[in-house]
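Read through the structure below, which is laid out as structure tokens, and then see the notes.
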Amino acid sequence: VLVHELMHVYDVRMNQLDLRDCENLAYSEVRAAREAECQNAWLASQYCIPEKAFRATSNLFPPDMARACLRKVYHTALKDTAPLDKQK
């Protein structure tokens, strides 16, 4: 839980994301799910991350809107590994 929430804090403070915006929230939820709940999940990017990010985003936005926001930001968010930068 702590890692998940710290990713949101990083996104708000360092990336200047407004989590009241659907796309910004979806972006942050993808990153948080990747580093927390789905870190060791099999096929994480295909199943775990999208599902966790969708559930979290749809808590604040209608499901159709949440799904559209996730589709728009998913691949970019998945590649954004800051501040952990695992790909370097």
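Summing -39500 (n - 2.57) over the DSSP H runs of n ≥ 4 in the chain and dividing by its residue number, what mean residue ellipticity at 222 nm do you reach, to the nearest 500 deg cm²/dmol?
Values: 4 runs with 52 residues, N = 88.
It lands at -18500 deg cm²/dmol.
Carbon and sulfur together cover what percent of the accessible area of the chain at a 1.4 Å probe radius? Working shown, then result.
Details: 3120 of 5640 Å².
Answer for the chain is 55 percent, counting heavy atoms of protein chains only.
What accessible surface, in Å², does a 1.4 Å probe find on Tyr27, ignoring ligands, DNA and RNA and rounding to the nearest 10?
Taking all protein chains as shown, Tyr27 has close to 40 Å².
Rounded to whole Å, give me the distance from the Cα center of region 46-83 to that of region 18-41.
6
Picking from Leu60, Leu43, Leu25, which is most flexible by a Gaussian network model of the chain using Cα springs under 10 Å?
Leu43
Expected output is a single nm value to one decimal: the length gained when fully extending between Arg55 and Thr81, i.e. 0.36 nm times separation in residues minus the C-alpha distance. What is it? Intermediate values should be presented prior to the final figure.
Working: separation 26, 0.36 × 26 = 9.36 nm, distance 2.12 nm.
Full extension from Arg55 to Thr81 adds 7.2 nm.
Using +1 at the C-beta of Lys and Arg and -1 at the C-beta of Asp and Glu, which of Leu60, Leu6, Ala32 has the Cα lying farthest in the positive direction of the dipole of the chain?
In the chain, that residue is Ala32.
Leaving out ligands and nucleic acids, and using a 1.4 Å probe, what accessible area per residue does the chain come to in Å²?
Working: 5640 Å² over 88 residues.
Using a 1.4 Å probe on heavy atoms only, each residue of the chain averages 64 Å².
Looking at (i) 11.7, 37; (ii) 22.9, 71; (iii) 12.7, 41, which value of Rg and Dmax of the Cα atoms in Å comes from a calculation on the structure shown?
(i)
Under 16 Å from a point 7 Å along the Cα-to-Cβ line of Met65: which residues of region 19-45 have their amide N that close?
Under cut-off, by backbone N: 19-27.
Considering only protein heavy atoms, what is the solvent-accessible area of Asp18 at a probe of 1.4 Å, reported in Å² to the nearest 10?
60
The values are calculated or read from the model by the stated rules, or taken from the named source; none is laboratory data. Owing to the predicted nature of the structure, the values given are computational and were not obtained by experimental measurement. Reconstructed Cβ throughout: ideal geometry from the backbone, glycine too, with neighbour counts over all protein chains shown. Please note that ligands, DNA and RNA were not included when accessible areas were found on the heavy atoms of the full protein model with its side chains. Shrake-Rupley method; radii C 1.70, N 1.55, O 1.52, S 1.80 Å.
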